[in-house]
1. Give region 42-61 a look and list any residue that's open to solvent by 20 Å² or more (accessible area, probe 1.4 Å), over 24 Å from S73 (Cβ atoms) and not β-branched (V, I, T), or say none.
2. Looking only at residues that are of a type in the set (A, V, I, L, M) and not in a strand (DSSP E or B) in region 62-78, which one is least open to solvent (accessible area, probe 1.4 Å)?
3. Could we say that N108 is of a type in the set (S, T, N, Q), under 30 Å from I89 (Cα atoms) and modelled with pLDDT under 90 here?
4. Sort out which residues of region 128-153 are within 22 Å of the chain's Cα centre (by Cα) and over 30 Å from T91 (Cα atoms), and write them in order of number.
5. Please verify whether region 176-191 includes one or more residues that are part of a loop (DSSP other than H, G, I, E, B), among the aromatic types (F, W, Y) and touching a Ser or Thr at 6+ places or on another chain (Cβ under 9 Å).
6. Just need a number here: residues in region 273-291 that are among the polar types (S, T, N, Q), surrounded by 13 or more Cβ atoms within 10 Å (Cβ to Cβ) and without any contact (Cβ under 8 Å) to a residue 60 or more places away in the chain.
7. Restricting to region 154-181, give me the number of residues that are closer than 23 Å to L205 by Cβ and either modelled with pLDDT of 95 or more or polar (S, T, N, Q) (or both).
8. Could you look through region 112-153, keep only residues that are among the charged types (D, E, K, R) and at pLDDT 85 or above, and pick out the one that is most open to solvent (accessible area, probe 1.4 Å)?
Amino acid sequence: MMVIHLLCFLPAIVGALDFIPMVRVTNAGNGGFNGHFIFNLTEDLVGWKIQIDFSKAVTGLTSPVGLEYVKDSSNETVHYLVNKDHTGIQTTNPQFDVMVQGTMKDGNVPSAQAYLQNMGHDNFKPPIPSNTDGTKYNYDEVLMKSIMFYLAQRSGKLPADNPIPWREDSALNDRGQNGEDLTGGWYDAGDHVKFGLPQASAVTLLTWGLLQYKDAYNASGQLNEMYDCIRWSLEWLLKCHTGKNELYIQVGDGNLDHSFWGRPEDMTMDRPSFKVTSDKPGSDVAGEYAAAMAVASIVFKDKGCTFYIYLLFKQKLDTFEYI
């Protein structure tokens, strides 16, 4: 199903090529193998990604021209390579030879096929809503694109109706210091760290704006989109409260993150998590989490969903422990 989905969807947005087989395959001994994927380019590549489907489980995949990134650690037959900093630009003059090395789990050399995506393509054009209020500027479009900005910052497992076609699942291994699930939320300021304080502040302001100007969101046709927008981050803030007097406030290390100039889908660096506790308090960030949940409980009460009850419970009984 995944291969079919990629074949149908990706060519329209990234200029992908066809699947090609692995050739010049050799047994390297000690459980290892070498193979080549040779792509005949019909256009220049400006950054690339390759999906490789092996016939059997493979581990320790490496390449002189690419870096592996793990999309699903439980699936050892499907692997992904992205270009290194100096290999992203490829011209149409030569063949593009991608050599890979890996380890066989059962001692038998696998067969494989690979799919090359040109990341230099982006034909995505968001819809432009009609101007319904008769003003000089299309504020319906402003609201829609403002919400889309936050959709593009989403981290974690993206929903099936994700409207940003060049974003995929990312940071699926974000965990707390005791293995707590900290996936989700928004990335911050163009990098891939998740900071609790600015994220909670953004949710507070966005949600207060929805509370004050709900009629404008409704008139522009963006009301449900705004509910979904703020709920995404709120669910992450709720995840961060993992116990009494314990609140996670950051995932990712700024120094490690800023040394990587690439997409969140391609991250391989460590992503440590940080929390405030009774021994290491942080009433400022806890107060902002509480503010976000407080105003959100009002907004979702009007929507009449059970999410409101959970928000109210967490806001009243839990978060104020830190202040």
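1. E43, D44
2. V65
3. Taking the combined requirement at face value, the residue does not satisfy it.
4. Within region 128-153, M144, K145, S146, I147, M148, F149, Y150, L151, Q153 meet the criteria.
5. Yes - at least one qualifying residue is present in region 176-191.
6. 1
7. Final tally of qualifying residues: 3.
8. Only one residue tops the list, namely K136.
The values are calculated or read from the model by the stated rules, or taken from the named source; none is laboratory data. Being a predicted model, the structure only gives us computed values, none of them experimental. Because the Cβ atoms are built from the backbone with ideal geometry, glycine has one as well, and the counts that use them run over all protein chains shown. Each accessible area value is taken on the protein alone, full model and side chains, heavy atoms only, with ligands, DNA and RNA left out. Shrake-Rupley method; radii C 1.70, N 1.55, O 1.52, S 1.80 Å.
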